[in-house]
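What follows is a set of notes on a single structure, which appears directly below.
The values are calculated or read from the model by the stated rules, or taken from the named source; none is laboratory data. Since this is a predicted model, take the numbers as computed values, not measurements. Cβ placement follows ideal geometry from the backbone for every residue including glycine, while neighbour counts extend to all protein chains displayed. SASA here: full protein model, heavy atoms, side chains in, ligands and nucleic acids out. Shrake-Rupley method; radii C 1.70, N 1.55, O 1.52, S 1.80 Å.
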Amino acid sequence: MNMAQKMEPTTPEEFEAMEKDERFNYELIDGIVMMSPSPSREHQVIGNKLLFQLNLRLINTPCQPLYEYDININDNIFKPDLMVFCDENADLPEIVFEILSPSTRYKDLTIKTLKYEEAGIEEYWIIDPKVKTITVHDYVNQTAETYAVGDTIHSKARPEIIIAVADIFN
């Protein structure tokens, strides 16, 4: 008789110590190690355009955009595509950006939406290359708005971040 074994959750320390294949991105969510393939070319192009726009808008501010940096939220280790830190001593960013891909879509739209809000992140931007939209979850004001090409996003968390959706997708 084949019995299923109950797996012990992975701790953040075990996660940090484990050997990782550089062809994959790793995250630790609720004690489970999640792997996804490295970002596609389209994903990287969108990420680079967004990073360029963020650098442009944040040049004379204390804020810094970071790319694929691990953040620890209540023993969950996330690796958002991009994020903005405005306090160099902060453990968590003010804004997180995720670019949807087939392998991360479900996790980005469900689990991360809840975890980022619970952690106190001010805004969570979900970039959807499939339909060329950006949904901004403003957790401070408890709103979520979706923007399409032709729209301009004005961040409430960082008013200097004003980005035309077309600049990300064209």
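I want the antiparallel fraction of DSSP beta bridges within the stretch 54-170, as a percent rounded to 5. Beta bridges within the stretch 54-170, antiparallel portion: roughly 85 percent. With a Förster radius of 30 Å applied to the C-beta separation of residue 170 and residue 21, the computed FRET efficiency comes to 0.35.
Beyond a 18 Å Cα-Cα separation, which of these cross-linked pairs lie in this structure: 20/130; 79/156; 115/156; 79/112; 79/115?
Checking Cα-Cα distances, 20/130; 79/156; 115/156 exceed 18 Å.
Counting only protein heavy atoms and a probe of 1.4 Å, the accessible surface of the stretch 105-170 is 53% carbon and sulfur.
Across the stretch 84-95, coupling constants 3J(HN,Hα) worked out from phi with the 6.51/-1.76/1.60 Karplus curve, θ = phi - 60°, read 10, 9, 10, 10, 5, 9, 6, 7, 10, x, 6, 10 Hz, and Gly and Pro carry x.
Relative to the longest principal axis of the Cα atoms of the chain, the long axis of helix 41-57 makes an angle of roughly 50 degrees.
Under a model in which nothing but the beta-carbon of Lys, Arg (+1) and Asp, Glu (-1) is charged, the chain shows a dipole of about 740 debye around its Cα centre. Taking label positions 7 Å along the Cα-Cβ direction at both residue 67 and residue 162, the computed distance is 2.6 nm, reported to one decimal. Taking amide H as placed 1.01 Å from N in the peptide plane, residue 133 has its amide H under 5 Å from the amide H of 128, each at least 5 places away in sequence or on another chain. Backbone N atoms of the stretch 34-60 closer than 18 Å to the 7 Å Cα→Cβ label point of residue 154 belong to residues 57-58. Counting only protein heavy atoms and a probe of 1.4 Å, the accessible surface of the stretch 41-83 is 48% carbon and sulfur. Looking at the chain, the accessible area is 57 square angstrom per residue; that uses a 1.4 Å probe and ignores ligands, DNA and RNA. Per residue of the chain, the DSSP helices (runs of n ≥ 4 H) give a summed -39500 (n - 2.57) that works out to -7000 deg cm²/dmol at 222 nm. Full extension of the segment from residue 36 to residue 143, taken as 0.36 nm per residue of separation minus the current Cα-Cα distance, would add 35.6 nm. Within the listed set 40, 155, 103, the residue fluctuating most in the Gaussian network model of the chain (springs between alpha-carbon atoms under 10 angstrom) is 40.
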